[in-house]
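In what follows, a single structure is set out as structure tokens and then discussed.
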Amino acid sequence: MKTTITLLKLSAIVGLFLTLPLQVVLAVDIYVCGTETVTLKYSGGYELQSGDKLIWIKDGDGGEAVETVYNGTPGSADYAVPLAEITAPGSHTYTAHVMSPDPASCSGDVSNTVEIIRLPELTLSLDASLAQYCAEESGTDAGESTITATTTATSLPAEILLEYSWTATKGGAPVDPLTEIGTSEANNPTAQDLTNTFTLTSSEDGVYAFNATVQYAAADANGVTIKGGCSYNSTEPATVTVTPKPGTPTITVE
Amino acid sequence: MYLFFSRALYFRTATVLGILLFGAVGKGYGQRVYADEQQPSATFLLASVTNPGWAVDQDYSNNSTLNVTLGLLGSLGTAEQNLQFTGLNKPLPTSPITVKFTAEGNISSVLNLLGLVSFTTTLNNYTVGTPYSGQALLDLLGLFSSGQVVEATFLGPGTSYDGIKMKLSTVVGVGPSAKYFYAFFIVAPTVIDQVICQDDPAILTITNPQPNYTYKWYNVATGGSALQDGSDINYTTDPLTSTGQHLYYVEAIDHDTPGKSYLSARVPITVTVHPKPGTPEIEAQ
């Protein structure tokens with residue numbers, strides 16, 4: 001019995017060891033958005049000889065191979081990935097191997113895999129907690145309105161950080177600084193936030209129109225570069241009307 | 001008349017073309033190339049070469065005859081005949097060359113008889129290489145008796161040559177004669193040099209294979225043990241791990257004549273091994 005258990009344990013350990021390479025999770029190398037593209041650079045591992053070809057293969061063995069030739073100038077074998085190759089949102093992977101010049105055309109081993117993730121377009125909508133409030137608190141009126149910006153996107157990786165910014169007008173004129181009329185929520189530098197708020201606390205009556213912008217941060221939560229600096233404006237402004245407090249009525253007896 | 005002339009011209013042209021294209025490869029003898037031209041020479045009145053053309057015709061059973069008359073009053077004659085290869089196929093400097101001959105004379109010692117015969121490779125009928133005569137010839141033949149028809153195979157001289165000359169001399173009181181049947185060499189195998197990648201084996205293939213031939217593959221130019229010996233026209237090397245040039249050699253052996261085998265020159269094949277590129281590292285920017 002004891003022998004059986006020991007053998008089972010041993011088999012499990014060996015099995016775990018053998019499958020270890022399969023369990024390695026591919027790390028993202030770069031994110032891109034919008035119309036931004038990527039250059040795949042040869043960064044070492046083997047000293048290229050003039051005339052060597054680099055064979056770039058997209059998405060594994062079934063992908064299309066592209067050839068660049070090293071002419072002795074650093075960077076000459078790099079591959080500027082055409083936008084059309086990585087237009088679709090999601091993951092795009094590349095590997096490369098070196099092929100020596102003809103007639104030998106010797107192929108070297110395959111490089112590490114580079115993963116590029118194209119980020120989706122973002123949609124930003126605004127919603128005010130109160131469309132109007134009185135300039136001075138009265139009754140249940142809190143005297144403030146919270147405008148919430150909500151980001152929606154398809155298949156947005158969880159580690160992507162978003163940054164929000166706000167603009168406002170009062171009666172059609174820009175409000176600057178915004179702190180005169182309220183406060184915006186600080187951006188979260190460590191975790192993804194799909195919402196952000198601006199709290200309008202102005203007691204000055206008028207019609208306030210708010211717009212917000214969401215953009216991808218320069219890097220994700222793990223420090224991986226997000227290339228493109230894409231920003232997306234709110235689809236519709238949010239409007240809050242601050243109404244004046246009615247004046248004190250004068251009552252006369254006649 | 002015109003038609004006859006045209007036909008005659010046609011056959012003549014075809015014959016010349018055939019000789020040019022295939023050399024004088026004897027019918028039924030694989031890639032043996034027989035000498036097709038000859039140059040006789042004999043001391044006036046003292047020596048002669050009769051039927052000289054029979055040493056270079058397509059009938060390998062007939063022969064030319066070299067005669068030297070008895071030496072009189074100390075005057076010594078010589079008869080010699082050079083058999084030449086004039087086709088496109090020439091012997092390589094290291095091609096062994098085989099001749100069929102006999103010699104006879106009123107002389108008690110075989111060694112002395114063979115001392116009157118010499119064979120020397122030639123280029124354009126000029127001597128190149130070292131003559132085989134006397135003991136050297138006997139060593140080559142092993143056994144010989146006066147009048148015995150034998151085949152002898154001589155090593156190539158190591159330099160360009162296109163023929164082999166038999167020379168018959170005399171001494172006072174002896175009038176030897178010799179018969180010269182033919183001379184031939186075996187066309188060396190041809191193998192295309194290979195360019196391969198590091199850690200790959202090279203596959204060497206003979207491009208002019210012949211039935212009844214075997215091939216020996218070596219990694220040394222002379223001597224050594226064969227890496228492969230047989231009728232297979234391909235030889236696959238071990239995977240070659242070191243870059244640069246590697247030399248292999250192959251020689252053909254003609255087994256067309258039962259019980260006999262004739263060797264070709266051992267020819268080199270160059271395998272150039274290119275380095276296999278290392279594993280690259282790439283990054284995205």
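Please treat every number below as a calculation from the coordinates, not as lab data. Keep in mind the model is a prediction, meaning the values are calculated, not measured. Neighbour counts run over all protein chains shown; Cβ positions are idealised from the backbone, glycine included.
Structure remark: mean-square fluctuation, Gaussian network model of chain B, C-alpha springs under 10 Å; the largest value among B:P211, B:P258, B:P52 belongs to B:P258.
Over the range A:111-179, the fraction of Cα-Cα pairs per 5 Å bin, rounded to whole percents and listed from the shortest bin up, is 3, 11, 15, 17, 14, 12, 9, 7, 5, 3, 2, 1, 1, 0. The orientation-averaged shadow of the Cα convex hull for chain A, equal to a quarter of the hull surface, comes to 26.4 nm². Across chain B the C-alpha pair distances fall into 10 Å bins from zero in the proportions 6, 24, 27, 19, 13, 7, 3, 1, 1, 0, 0 percent. Dividing the summed helix terms, -39500 (n - 2.57) for each DSSP H run of n ≥ 4, by the number of residues in chain A produces a 222 nm estimate of -2500 deg cm²/dmol to the nearest 500. In order along the range A:160-172, the phi-based Karplus estimate (6.51 cos²θ - 1.76 cosθ + 1.60, θ = phi - 60°) of 3J(HN,Hα) comes to 6, 9, 10, 10, 10, 9, 10, 9, 8, 10, 10, x, x Hz; Gly and Pro are listed as x. Measuring r between the beta carbons of A:T39 and A:A65 and using R0 = 22 Å, the FRET efficiency lands at 0.80. Our summary gives chain B a relative contact order of 19 percent, counting only alpha carbon pairs under 8 angstrom and 6 or more residues apart.
Remark: the range B:47-54, residue by residue, has Karplus-estimated 3J(HN,Hα) of 8, 7, 10, 9, 6, x, x, 5 Hz, where x stands for each Gly or Pro and the curve is 6.51 cos²θ - 1.76 cosθ + 1.60 at θ = phi - 60°.
Which net charge results when you count Lys and Arg as +1 and Asp and Glu as -1 among the other residues whose beta-carbon is under 9 Å from that of A:I181? The answer is -1.
If each DSSP helix of 4+ residues adds -39,500 (n - 2.57) and the sum is divided by the residues in chain B, what number results at 222 nm, nearest 500 deg cm²/dmol?
One gets -4000 deg cm²/dmol as the mean residue ellipticity at 222 nm.
With all pairs of separate Cα atoms included, the range A:44-112 yields a Kirkwood hydrodynamic radius of 12.8 Å. Under a model in which nothing but the beta-carbon of Lys, Arg (+1) and Asp, Glu (-1) is charged, the protein assembly as shown shows a dipole of about 4640 debye around its Cα centre.
Given in Å, the Rg to one decimal and the Dmax to the nearest whole number for the Cα atoms of the range B:231-285 are 20.1, 74. Close Lys pairs in chain A (alpha-carbon distance under 29 Å; sequence gap of 8 or more, or different chains): 6.
Can you tell me the length gained on complete extension of the stretch A:S125 to A:E204, counting 0.36 nm per residue apart and subtracting the Cα distance?
25.9 nm
Normalising by residue count, the range A:44-190 has a Cα convex hull of 194 Å³ per residue. Averaging 1/r over every pair of different alpha carbons in the range A:105-254 and inverting the result gives a Kirkwood radius of 18.0 Å. Once the C-beta distance of A:L83 and A:T190 is scaled by a Förster radius of 30 Å, the resulting FRET efficiency is 0.45 to the nearest 0.05. Projecting the Cα atoms of B:T241, B:Y213, B:I97 onto the charge dipole of chain B (Cβ charges, centred on the Cα centre) puts B:I97 farthest toward the positive pole. Over all distinct Cα-Cα pairs of the range B:138-285, the Kirkwood formula returns a hydrodynamic radius of 19.0 Å.
For the range B:62-192, a simple Cβ point-charge model (Lys and Arg +1, Asp and Glu -1, everything else neutral) yields a dipole of about 120 debye relative to the Cα centre. For the range A:164-254, the residue among A:Q192, A:T235, A:T252 whose Cα projects farthest onto the positive side of the dipole built from Cβ charges is A:Q192. Along its three principal directions, the equivalent ellipsoid of the range B:43-146 from the Cα gyration tensor extends over semi-axes of 24, 18, 14 Å, largest first. Label zone of A:N233 (point 7 Å out along Cα→Cβ, amide N under 19 Å): in the range A:28-57 this covers A:34-35. Which stretch or stretches of the range B:142-162 have amide N atoms under 20 Å from the point lying 7 Å from B:A226's Cα along the Cα→Cβ direction? Of the residues in the range B:142-162, B:153-156 have backbone N under 20 Å from the label point off B:A226.
Calculated from the alpha-carbon coordinates, the range B:194-274 shows an Rg and a Dmax of 13.5, 44 Å respectively.
At the listed q of 0.07, 0.12 Å⁻¹, the Debye profile of the protein assembly as shown, built from one uniform point per Cα, gives log10 I(q)/I(0) equal to -0.70, -1.12.
Other residues lying with their Cβ under 10 Å from the Cβ of A:Y42 contribute a combined charge of -3, Lys and Arg counting +1, Asp and Glu -1.
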